[in-house]
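One structure below.
The values are calculated or read from the model by the stated rules, or taken from the named source; none is laboratory data. Computed from a predicted model, the values in this text were never measured in an experiment. Here Cβ is always computed from backbone atoms with ideal geometry, including for glycine, and neighbour counts include all displayed protein chains.
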Amino acid sequence: MKKSTRAGGELLLEIGTEEIPSRILPQALIDLKEKAGRIFSEARIPAERIETFATPRRLVILATGIPQKQSALVTEVTGPPKSAAYDLEGKPTAAATGFAKAQGVPVESLTIKKTEKGDYVCAVRKQPSVPAVRILKDLLPELVLSVGFKKMMRWNGEGIRFARPIRWIVAVLNGRVVPFRLAGLSSGNRSRGHRFMASRPFTVKSWDGYLKSLRRHHVILDPAERERMITDGLLRYAKEKRGSLKVDADLLSQAVFLTEEPVVMMGGFDAKYLALPPEVPMTVMKEHQGYFPLLKPAMDKSLLPHFLFVSNVKTRHPDLIRSGNERVLRARLEDARFYFEQDRKQTLKERTGQLKGLVFHEKLGSVFTKMERVQKLAATLARESGRGEQEVGRLEQAAFLCKSDLLTGMVREFPGLQGVIGREYAKLEGEDSEVADAISEHYFPRSADDPHPPRTITGKYLTVADRLDTLVGFFGADLAPSGSVDPYALRRQGLGLVQVLLDKAFEGLSLRRAIESAVRLYSDRGVSLKKDLSAIDASLRPFLTQRMETYLERRFQDIHGGYRVDLVDVVLCRSFDNLLDPYLRLVALMSFQKQPDFDPLIVVFKRASRILPPDFKGTVRPEAFKETAEKELYRNYIDVEKQVSDDMQKRNYSEALWALSLLRRPIDAFFNGVMVMDEDRAVRENRLALLQGITKLFTAFGDFTRVAVEEKNKQ
Amino acid sequence: MIHQPYDLEVGAGTFHPATFLRVLGPEPWKAAYVQPTRRPTDGRYGENPNRLQHYYQFQVILKPSPEDIQDRYLDSLKGLGMDGRVHDIRFVEDDWESPTLGAWGLGWEVRLNGMEITQFTYFQEVGGIELSPVSVELTYGLERLAMYLQGVDSVFDLKWSDTVTYGDVHHQTEIQFSKHNFERTDPKALREIFNLYETQCRELIKMDLPLPAYDDCIKTSHLFNLLDARGAISVAERAGMILRVRHLAKQCAEAYCKNRENLGHPLLRSRKARTRS
């Protein structure tokens with residue numbers, strides 16, 4: 001926040017409110033800035049610089065370099081032709097008077113404008129240039145009300161809606177009040193400090209003075225400065241306790257926008273709560289209380305019995321605040337310990353049977369039957385890809401246990417910890433560690449932004465089986481998402497499924513067969529789906545292709561620094577039965593397209609495929625080639641073909657592309673050296689047959705006609 | 001005015017007619033009362049020091065919402081010895097919605113040193129009816145405040161008087177009602193009673209008796225909560241039952257509005273005018 005420049009006008013607008021939710025303030029600041037810029041410019045008083053700031057109790061705009069007056073506006077409107085506007089005596093006709101009236105100018109002021117089409121009557125209107133302060137009187141209320149919030153409220157009889165009640169307004173232009181009324185209030189120059197630390201209002205004259213007064217009244221206006229104060233404090237305590245600290249961005253933003261003068265403090269809790277699964281105290285601290293947990297410096301998740309939090313009051317008795325916060329945390333942790341002890345009276349295994357009472361979906365039966373299907377499907381998929389019986393056994397055990405934590409008190413209390421609680425309880429019950437991990441991993445990736453698929457092989461099969469079962473069920477029950485309606489978050493499920501299926505473990509998976517197995521398991525267990533296999537397959541596969549596109553777009557934006565939808569088309573345009581294969585092709589293609597040879601290669605390929613008549617059929621007769629260029633191309637073709645088909649078989653797609661690129665020069669030489677369309681039919685067809693063989697090589701990889709490329713070499 | 005608790009089982013002080021019905025329509029209203037509150041699913045057999053299926057709220061409802069309501073509220077905390085200069089008092093976003101009452105509002109949970117002590121809500125809609133004027137509701141959690149003031153960690157250790165603790169008064173309540181709510185109610189019977197009250201509520205509305213009708217609506221809400229605690233409401237059935245209660249609440253609200261209108265909105269007239277008439 002720089003000191004304001006004296007050049008031009010300085011406008012300070014402070015909207016004093018009751019506490020606006022911290023969650024929505026960052027976006028409100030961006031909107032406010034953007035809207036202020038637009039509204040001021042449209043009113044012809046553009047500011048040189050606009051900045052916005054916020055605390056829980058105020059939204060503030062500083063606009064500098066505002067002109068004293070509006071810039072002049074001259075508008076010219078062309079009317080009827082001169083010949084129609086004036087009679088022979090030069091007097092204005094009805095056409096002229098009507099036009100003048102419509103434009104709001106006296107008829108005498110009309111001028112003549114020469115155009116290419118002849119002379120026309122023209123009305124020139126100069127709009128008066130009004131002082132900025134008079135414009136702002138109307139503009140500022142409009143600006144305030146233009147800030148839209150997702151949830152708005154009324155609080156008095158004025159019919160105004162805002163995020164929370166507005167309680168005061170400061171509007172000062174160059175030290176003087178811009179007077180207006182809004183929400184039953186008059187704008188003025190009296191601002192307020194910290195709710196508790198400063199009681200009296202103070203007068204605002206200039207930006208610099210305002211900042212100083214706020215500081216004196218215990219308000220740090222700039223969120224960036226509050227953030228620095230908080231970060232510094234957090235790091236200081238972390239160092240003091242030799243703990244490590246992962247500062248969560250949302251948590252930090254929340255602390256910044258919940259305080260006017262932040263003070264970082266440290267509290268502690270009884271080490272006995274460290275016996276809880278660490279995610280539990282972590283969730284209580286972060287999500288319920290907004291505290292920053294301190295971790296042991298090692299890379300694991302183990303906690304120190306301390307936490308950091310941000311207070312909004314500086315006091316000489318911080319112990320009161322600390323012990324209060326400790327008490328709240330203790331109560332919450334005690335709650336958690338209560339659930340933990342209750343839950344431990346029953347094993348996950350014992351709970352599985354009770355899943356019969358939990359509805360998965362009214363049309364798709366209970367969670368118990370879902371678990372049974374998932375268990376069978378996972379085992380089928382694993383066996384089909386050659387997994388041993390020991391692995392299948394683990395998978396079946398993990399499937400049997402993976403939904404049971406839904407019935408624990410802990411998950412009812414902390415729904416975000418589903419899976420995690422299952423994993424921890426499974427470990428405590430002595431389950432195999434991979435089985436335990438798979439229980440939590442079968443929810444991976446947890447969201448569309450989560451880059452982490454399951455790590456264990458058991459987790460991978462389990463999540464694929466679980467998601468496929470869900471998708472098949474909902475698609476089968478005619479509950480597929482349409483438009484913006486996706487109440488069961490099936491797109492997210494699909495996106496996660498696609499992401500996991502790109503793992504090497506699924507290179508042999510046939511989507512068609514997997515869907516078939518999933519559908520059969522529904523009918524085997526007595527759930528009749530509305531749609532049959534072919535209908536489900538026909539809608540589910542395009543759905544997954546779309547998810548694949550979404551996923552690839554995100555992934556390549558992040559990792560390969562650029563996403564080319566045309567290249568995705570090359571590999572996705574035809575139906576595929578396995579997701580990993582087109583993915584590997586695309587990865588190879590994305591890296592190959594950076595080579596200088598790529599575009600010329602595509603150009604010659606396109607030329608070759610264009611020249612082929614659509615239903616051409618022919619066989620190459622090598623002995624009939626006469627010209628050097630065609631003989632050489634043929635020889636190269638034979639070598640490359642062998643290489644390419646070998647590489648494709650082994651999914652060595654980069655190698656295959658490289659081999660294809662070897663054909664570029666021979667094809668070029670071929671086009672330059674021979675006339676493909678020779679008059680002799682036998683010669684012509686032999687050459688076309690050769691080109692056809694070559695294009696087939698390309699097409700085996702993908703549809704290269706979809707690559708967008710500038711064809712400079714076209715003749 | 002200081003009102004008295006309502007004598008039916010309610011899930012929140014908001015259900016009291018002094019809030020739910022009085023916030024409707026144009027008539028001003030300012031009331032405060034203690035409301036014993038029942039939330040069957042929150043029962044913990046008296047084993048959890050912070051959760052109760054029966055507890056007390058102190059409810060304040062102000063219509064229209066005063067401009068300085070936050071200051072007045074903070075003064076009330078000062079009166080309890082909770083001064084914002086030494087305690088960290090925060091207004092943290094918490095939007096309130098009651099699906100069964102067809103009601104929503106925006107506001108905060110007020111936190112004292114991290115502990116939620118009050119729900120502070122500007123009502124926007126009740127019974128599906130947009131409110132004008134807007135009322136503000138303050139709901140103080142009495143046990144929480146008392147535990148803080150007395151410095152005890154278990155609600156059952158609160159001193160109710162010099163000789164009697166909260167546990168002496170309510171520990172058995174928690175044990176027995178938890179058992180009742182979770183294990184011993186008869187879902188079939190609860191459903192039948194629910195249906196009876198629902199039918200009766202509709203009949204009473206037709207007879208233009210919105211106040212008794214609303215009692216039946218409160219009953220259905222509590223029966224729904226009991227069924228819920230018993231785990232007898234399937235996911236699929238849940239929304240449907242909520243809608244049934246909501247529908248009753250809406251009809252009661254509409255009937256009440258009409259009733260007040262027919263009476264000529266007595267509270268809009270000054271006190272003098274009313275005593276004269």
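Tabulated data
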read-out: Of all residues making up the range A:136-158, the number that are within 14 Å of chain B (Cβ to nearest Cβ) and either closer than 15 Å to A:LEU185 by Cβ or in contact (Cβ under 8 Å) with a residue 40 or more places away in the chain (or both); value: 7
read-out: One residue from A:SER302, A:SER253 being of a type in the set (Ser, Thr, Tyr) and free of Cβ contacts under 8 Å to residues at least 40 places away in the same chain; value: A:SER302
read-out: Residue satisfying all of: in the range B:151-175; of a type in the set (Phe, Trp, Tyr) and part of a helix (DSSP H, G or I); nearest to B:PRO66 (Cα to Cα) among these; value: B:TYR166
read-out: Hey, A:LEU214 at pLDDT 95 or above, over 23 Å from B:PRO64 (Cα atoms) and among the hydrophobic types (A, V, I, L, M, F, W, C) or not; value: yes
read-out: Scope the range A:159-196; condition more than 14 Å from every other protein chain (Cβ to nearest Cβ), of a type outside the set (A, V, I, L, M) and not in a strand (DSSP E or B); matching residues; value: A:ASN174, A:GLY175, A:PRO179, A:PHE180, A:SER187, A:ASN189
read-out: Those residues of the range A:306-331 which are at the interface with chain B (Cβ under 8 Å from one of its Cβ atoms) and within 37 Å of the chain's Cα centre (by Cα), in sequence order; value: A:PHE309, A:SER311, A:ASN312, A:VAL313, A:ASN325, A:VAL328, A:LEU329, A:ARG330, A:ALA331
read-out: Single residue of the range B:128-147 satisfying the filter (surrounded by fewer than 19 Cβ atoms within 10 Å (Cβ to Cβ) and away from chain A (no Cβ under 14 Å)) that is farthest from B:ASN48 (Cα to Cα); value: B:GLY128
read-out: Tally of residues being closer than 24 Å to A:GLN342 by Cα and not hydrophobic (A, V, I, L, M, F, W, C) across the range A:255-285; value: 8
read-out: From the options A:ILE61, A:ILE50, A:ILE15, A:ILE30, residue that is without any contact (Cβ under 8 Å) to a residue 24 or more places away in the chain and part of a strand (DSSP E or B); value: A:ILE50
read-out: Residues that are under 40 Å from the mean Cα position of the chain (by Cα), within 13 Å of A:TYR637 (Cα to Cα) and not hydroxyl-bearing (Ser, Thr, Tyr), drawn from the range A:657-671; value: A:ALA659, A:LEU660
read-out: Out of A:ARG242, A:ARG226, sole residue that is out of contact with any Cys (no Cβ under 8 Å at 6 or more places or on another chain) and either at pLDDT 95 or above or within 14 Å of chain B (Cβ to nearest Cβ) (or both); value: A:ARG226
read-out: Candidate set: the range A:10-50, residues that are in contact with a helix residue (DSSP H, G or I) (Cβ under 9 Å, 6 or more places away or on another chain), closer than 22 Å to A:ALA249 by Cβ and buried (at least 19 other Cβ atoms within 10 Å of the Cβ); chosen: the one farthest from the other protein chains (Cβ to nearest Cβ); value: A:LEU32
read-out: Residues of the range B:105-116 classified as at pLDDT 95 or above and surrounded by fewer than 22 Cβ atoms within 10 Å (Cβ to Cβ), total; value: 1
read-out: Condition met for B:ALA239 (among the hydrophobic types (A, V, I, L, M, F, W, C), free of Cβ contacts under 8 Å to residues at least 12 places away in the same chain and either more than 20 Å from B:ARG39 (Cα to Cα) or within 14 Å of chain A (Cβ to nearest Cβ) (or both)); value: yes
read-out: Of all residues making up the range A:661-706, the number that are among the aliphatic types (A, V, I, L, M) and either not assigned by TED's automatic domain parsing to the domain that holds A:GLU627 or not in a loop (DSSP other than H, G, I, E, B) (or both); value: 11
read-out: So A:THR259, is it at pLDDT below 95, under 23 Å from B:ASN113 (Cα atoms) and β-branched (Val, Ile, Thr); value: no
read-out: Qualifying residue in the range A:421-432 (condition: within 30 Å of A:ALA535 (Cβ to Cβ), of a type in the set (A, V, I, L, M, F, W, C) and touching a helix residue (DSSP H, G or I) at 6+ places or on another chain (Cβ under 6 Å)); value: no
read-out: Counted residues, the range B:150-179 - those being over 23 Å from B:ALA12 (Cα atoms) and either within 14 Å of chain A (Cβ to nearest Cβ) or modelled with pLDDT under 95 (or both); value: 5
read-out: Any hit, the range A:289-296, residues being surrounded by fewer than 22 Cβ atoms within 10 Å (Cβ to Cβ) and either closer than 21 Å to A:MET197 by Cβ or within 14 Å of chain B (Cβ to nearest Cβ) (or both); value: yes
read-out: Output for the range B:26-48, where each listed residue is modelled with pLDDT of 95 or more and more than 11 Å from the chain's Cα centre (by Cα); value: B:PRO26, B:GLU27, B:PRO28, B:TRP29, B:LYS30, B:ALA31, B:ALA32, B:PRO40
read-out: Flag for A:VAL464 being more than 23 Å from A:GLN397 (Cα to Cα) and either modelled with pLDDT of 95 or more or in a helix (DSSP H, G or I) (or both); value: no
read-out: Single match in A:ILE50, A:ILE15 (criterion: out of contact with any Pro (no Cβ under 8 Å at 6 or more places or on another chain), at pLDDT 95 or above and either among the hydroxyl-bearing types (Ser, Thr, Tyr) or under 28 Å from B:VAL110 (Cα atoms) (or both)); value: A:ILE15
read-out: Helices (runs of 4 or more DSSP H) (entirely within the range A:527-642) containing at least 2 residues that are free of Cβ contacts under 8 Å to residues at least 24 places away in the same chain and surrounded by 16 or more Cβ atoms within 10 Å (Cβ to Cβ); value: A:533-559
read-out: Some residue of the range B:140-150 being outside any helix (DSSP H, G or I), under 22 Å from the mean Cα position of the chain (by Cα) and of a type outside the set (Lys, Arg); value: yes
read-out: Pairs, first under 24 Å from A:ARG200 (Cα atoms) in the range B:50-71, second outside any loop (DSSP other than H, G, I, E, B) and of a type in the set (A, V, I, L, M), C-beta under 6 Å, six or more apart; value: B:SER65/B:VAL136; B:ILE69/B:VAL136
read-out: Test: A:ARG706 is farther than 19 Å from A:ARG585 by Cβ, in contact (Cβ under 8 Å) with a residue 60 or more places away in the chain and surrounded by 15 or more Cβ atoms within 10 Å (Cβ to Cβ); value: no
read-out: Strands (runs of 3 or more DSSP E) contained in the range B:65-127 and holding at least 3 residues in contact with a helix residue (DSSP H, G or I) (Cβ under 8 Å, 6 or more places away or on another chain) and at the interface with chain A (Cβ under 10 Å from one of its Cβ atoms); value: B:115-126
